[in-house]
Amino acid sequence: MKILITGITGFAGSHLAEYALNQQDVEVFGTVRVRSKLDNIEHLLDKINLVECNLLDPFAVRKVIETVRPDRIFHLAAQSFVPTSWGAPEETLQNNILSELNIFEAVRSCNNPVKIQIACSSEEYGMVYPEETPIKEKNPLRPLSPYGVSKVAQDLLGYQYQASYGLHIVRTRAFNHTGPRRGEMFVTSNFCKQVAEIEKGLRKPVIKVGNLEAKRDFTDVRDTVRGYWLALEYGVPGEVYNIASGIAIKIKELLDMILALSNQKITVEVDESRLRPSDVPILLGDYSKFNKQTGWKPEISLKKTITDLLNYWRDRVC
Ligand code: GDD
C-alpha cells in the first residue's frame, strides 16, 4: 500500500510516517517544499520517498498524484500556528484552503480510488460554552481566529467533495496534541524549551508566558497519528470525528506540571506580546463517536508526554 503524507516534515507528519513504517507492506511518500527543513525526518530518510511539491500549484499536485498513485492520502500540511494567522490571515486562508482544494481536484481528475484523511482542528469549535462540554462533533462551529476559519473551510470542503463526488474523505478534528519534535512556538514546547535553557544557564530563571487561563485538551501526538491511521482503516467517508483525550487542563496547571519536573527555582512573567486578540477559552473533546467506530482511545498520559518533550529539549539546547 502506498501512502502519501502532506506535511511529512512537520511535527505530526513525522510521527505519522514513523507509525506507518511500522505497519505491514506500507510504502511511505511525502510532499516537501523546496528548501524544507528535514530535521524531523532525518532518521527516516532512507525509508521514505520525498516528492517536491508546492501544494498551491494545482499542476504540481496533479503530477504527484498521477506519478505516486497513492492508495491513501493523509493531508496534514497547513499553516498551523494560531497567532501567525492574526498577522497573516490571507496567507493562512489561501494556504490551508487551496492546498486541500488542489488535492481534491487532482484526485477527482485522476480517477484514483484513494482514501483521504483531512486534518481538521478543535479550533473550529472556537467559542464553546461550559454547558457544551465535552464537545461533540455536532456542536456549532464558532471559530475565533483566521486559522479556525481556515480549518472550518477545509472541513466543509471535505464534506462537500465527499457528498458531491463520492470521494472517500474522512475528517478528523484533532484537539491539541504534543510530544517530542513539537514546534517551539506552541505552548508545551515553548515552556519546556525555556525550562531546558534555564537549566543549562542559557537564560535567567524567568519563564515568559501568555494567557494561563485557557483550558485545553492534550493528546500525545503518537496517539493522535494512530487515530489518523484508524480513521482511514475504519472511518466512514463523509463523517467527522473528534480525536481528544477527554480531559481539559488549564494552561496554568500545565505550566505547574512542567515546572515541577525541574529542580530550578523559576519565576513566571506574563509577556503581553503572547496574548491574542481572542483566545478560545475551553476545548474539551468528546471522542466517543471515534472510539465507537474505530476502537481508538488515548494511551499515553500527559505526564509522560510532557516528560518526553522536556527531555527532547534538554538534549537539544546548548
Ligand atoms: N503558543 C503559546 N505560547 N501559547 C500560550 C502561551 C505561550 O507562551 N502562554 C499561554 N498560551 C496559551 C494560548 O493562549 C492558548 O490558549 C494555549 O496556550 C495553547 O496555545 P498553542 O500551543 O499555541 O495551541 P492552540 O491551542 O492555539 O492551537 C493548537 O491546537 C489546535 C487544536 O485545537 C495548534 O496545534 C493548532 O494547529 C491546532 O489545530
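Taken together, the values in this text are just the output of simple stated rules run on the coordinates, not laboratory data. Just so you know, these numbers come straight off a predicted model, no measurement behind them. Positions of Cβ are generated from backbone atoms using ideal geometry, with glycine treated the same way; all protein chains shown enter the neighbour counts.
Taking 0.36 nm per residue of separation and subtracting the current Cα-Cα distance, fully stretching the chain between Gln160 and Arg276 would add 38.6 nm.
Between Val236 and Met185, what's the calculated FRET efficiency when r is the beta-carbon distance and R0 is 45 Å? Round to 0.05. My answer for the efficiency is 0.85. A Förster radius of 30 Å combined with the Cβ-Cβ distance from Gln23 to Ala60 puts the calculated FRET efficiency at roughly 0.60.
Our helix-only sum for the chain, with -39,500 (n - 2.57) per DSSP H run of n ≥ 4 divided by its residues, gives a mean residue ellipticity at 222 nm of -12000 deg cm²/dmol. In the calculated pair distance distribution of segment 122-187, what percentage of Cα-Cα distances lie above 17 Å? In whole percent, the long-distance tail amounts to 53. Across the chain, Cα-Cα pairs more than 29 Å apart make up 35 percent of the total.
Residues whose amide H comes within less than 5 Å of that of Ile282, counting only those at least five positions distant or on another chain, are Val128, Lys215 (H built at 1.01 Å from N in the peptide plane). About its Cα centre, the dipole of the chain is roughly 300 debye, where the only charges are +1 on Lys and Arg Cβ and -1 on Asp and Glu Cβ.
Rounded to the nearest 10 degrees, the inclination of helix 99-110 to the longest alpha-carbon principal axis of the chain is 20 degrees. The label-point distance for Arg316 and Phe81, in a model that sets each label 7 Å from Cα toward Cβ, rounds to 1.3 nm. Taking the convex hull of the alpha carbon positions in segment 62-168 and averaging its projected area over all directions gives 7.2 nm². A simple rule links phi to the HN-Hα coupling: the Karplus curve 6.51 cos²θ - 1.76 cosθ + 1.60 with θ = phi - 60°, which for segment 220-231 gives 5, 4, 5, 6, 4, 5, 4, x, 4, 4, 5, 4 Hz, with x for Gly and Pro. When the pairs Lys215/Lys292; Lys138/Lys292; Lys151/Lys304 are compared against a 21 Å limit on Cα-Cα distance, Lys215/Lys292; Lys151/Lys304 fall above it. Amide H contacts of Tyr287 (H built 1.01 Å from N, in plane; Pro and chain starts excluded): no residue 5 or more places away or on another chain comes under 5 Å.
For the chain, the antiparallel share of DSSP beta bridges with both residues in that region comes to about 5%. Between Glu131 and Gln94, the simple label model (points 7 Å from Cα in the Cβ direction) yields a spacing of 4.3 nm. Taking amide H as placed 1.01 Å from N in the peptide plane, His177 has its amide H under 5 Å from the amide H of Thr219, each at least 5 places away in sequence or on another chain. Couplings for segment 285-296, taken from phi via the Karplus curve 6.51 cos²θ - 1.76 cosθ + 1.60 with θ = phi - 60°, read x, 9, 9, 5, 5, 5, 4, 5, 7, 10, x, 5 Hz in order; Gly and Pro are left as x.
The angle separating the long axis of helix 302-316 from the principal Cα axis of greatest extent in the chain is about 80 degrees. Among the GluC sites (Glu not before Pro) within segment 200-246, those in coil by DSSP and having at most 14 neighbouring Cβ atoms inside 10 Å are Glu213.
In order along segment 6-15, the Karplus-derived 3J(HN,Hα) couplings, from 6.51 cos²θ - 1.76 cosθ + 1.60 at θ = phi - 60°, round to 7, x, 5, 7, x, 5, 5, x, 5, 5 Hz, and Gly and Pro are given as x.
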